1. Highest mean first, how do 318-329, 227-238 rank when packing is the count of other Cβ atoms within 10 Å averaged over residues?
2. Between residue 183 and residue 240, what is 0.36 nm times their sequence separation minus the Cα-Cα distance? Round to one decimal in nm.
3. If amide H atoms are built 1.01 Å from N in the plane of the peptide, which residues on other chains or at least 5 residues away come under 5 Å of the amide H of residue 184?
4. Express in nm, to one decimal, how much length is gained between residue 146 and residue 32 on full extension, taking 0.36 nm for each residue of separation and deducting their alpha carbon distance.
5. For the pairs 235/321; 166/430; 230/370, flag any whose C-alpha to C-alpha distance is greater than 27 Å.
6. For the stretch 313-451, which whole-number percentage of the solvent-accessible area (1.4 Å probe, protein heavy atoms only) is attributable to carbon and sulfur atoms?
7. In sequence order, what are the phi-derived ³J(HN,Hα) couplings for the stretch 385-401 according to the Karplus relation 6.51 cos²θ - 1.76 cosθ + 1.60 with θ = phi - 60°, rounded to whole Hz, with x for glycine and proline?
8. For the stretch 371-424, what does the equivalent ellipsoid look like in terms of its semi-axes, each the square root of 5 times an eigenvalue of the Cα gyration tensor, given largest first in whole Å?
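The values are calculated or read from the model by the stated rules, or taken from the named source; none is laboratory data. As the structure is a computational prediction, the values presented were derived from the model and not from experiment. All Cβ positions, even for glycine, are placed from backbone atoms using ideal geometry, and neighbour counts span all protein chains on display. The area values use the complete protein model at the heavy-atom level, side chains included, leaving out ligands, DNA and RNA. Shrake-Rupley method; radii C 1.70, N 1.55, O 1.52, S 1.80 Å.
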Amino acid sequence: MYAVQNNTSVNIYQTANTNYAAKTKKTPQKPVWNPNRVFHYLEDMNRGFLSYGEKAVSYYREMIAGESDGSTLSIEELKAQISEYFPEYTLIDHEPSDVKDGKFYLYIDEKNLQKLASDPEYRAKVYGLMDRELQGKNGYTLQYSDGRNVTSHLTGTIFSLAETNKKYAGADEIPYRGSAKSDNNFSTSDSHPKVQNMGFLYDHMNPAKSSAKDRKANTAKLIAKRLKKKALEKKHREHMAKRREDMQRHAQKLQAEKIDTVDHTIEQMKIGAKYKTWEDIQPADTDKSSGEHSYASLSEFTSYLAATYETFGNGITTVSKSYLRKCLSDEEERKKLEEMLSNADAMEKNGREHLKGYLGMKVHIDENGKMESETYGASVGFPEGKRAAQIDTAMSSADIQAVMILLEGDLSECEDGVKKGFCDETEVQKVKAMMERAAKKQKQIEAQENENPDTKNLSRVNILI
């Protein structure tokens, strides 16, 4: 890092091990960034940088694995390695306040220095991220809405790796926050980069919210994986239940033909050793006094419910397993459950056919047999306060143009919402009024930029994501 003496930054890491390169056994192929590749949309550029970053992580993972003296480093060795791998960065010992042209600052707090030194996998991920963010210095080319291919270069950045940035950490849980200056405007009032989906700009106007969304998406993937496993297990159980039913039917047939043993049956069906005696494969008894069916297992009971009641079968209605077990042995509770499931089917059908804006519903029956339902509908609302704050904090034509793009998306959504009955004309008028406010702010900013051209490159929107 850097010590500050008389307001002058002094590099205190030049005395670290200069023979670090000799420790590397092999040199993997480093990925190459193409600054002349034309990205037609901001999403394409984002994917391009992310793809490069993944390749860079693999590269540094191999570099680190090839070191001869093990996976951990001392802090001084770590600093020397950073200096060797990333000569473009200026390592400093404090969080910089502003981006400066010609400076690519790197700040790492003490906790992350320790983690980088002791955890080679974390080091590879951070190195890949550092490498990725440096590629903006080499250039990136975007096609603007007027058809021009505009190549820009980052002229200064801040790469901050600190625990204070935790809210900006994505699915990789790296507490990184970056700031940058470019030699080109993000856009002008007449020409700007294109997006495929307005949600992309919605997300990245707020980096902390975007990072939280990435973490949530990663968690959702893990949950989906677990749910898929459970679904496969359920399918297997249902398959085994069907095999047992087939076995029972076949055994009944054999009994009718006066066959005294089922050994031959088991051998023919190749079920294996699970069913060894006649009692194992006999069909479930029925309650002859009441004439009602008695289920042999919870799996058989739930299979019947899924086949009989649509919302239970498709997962809209869920039932506590303990209550299902209770219903298995209690005829009155079973009748009550089936009545509730029938009502749930009717409620879902009514919502689907008669409720405007209906999107779905969830029904749950708890362990005490109490049913609760929740119906979901669609509505469209204009985030008036949020857009007003974005207009007020806009510092350049790039910022205000980004807000204008968001407002155009808001207008389209609200007009579509009026047609579908999700909102009324009032929301449309709110958007139009906010667009007029943004246009006034745009004129003010353009006048300021004409007086002070240096402000053109200052933007609150991180276009490199």
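1. The packing order, highest mean first, is 318-329, 227-238.
2. Stretched out fully, the residue 183 to residue 240 stretch lengthens by 13.9 nm.
3. Distant-sequence amide H within range of residue 184: 153.
4. Once the chain is fully extended between residue 146 and residue 32, it gains 38.1 nm.
5. Violating the 27 Å Cα-Cα cut-off are 166/430.
6. 47 percent
7. 3J(HN,Hα) across the stretch 385-401, in whole Hz: x, 5, 5, 4, 5, 5, 5, 5, 8, 4, 10, 8, 4, 4, 4, 5, 5.
8. So the equivalent ellipsoid measures 30, 14, 8 Å along its semi-axes.
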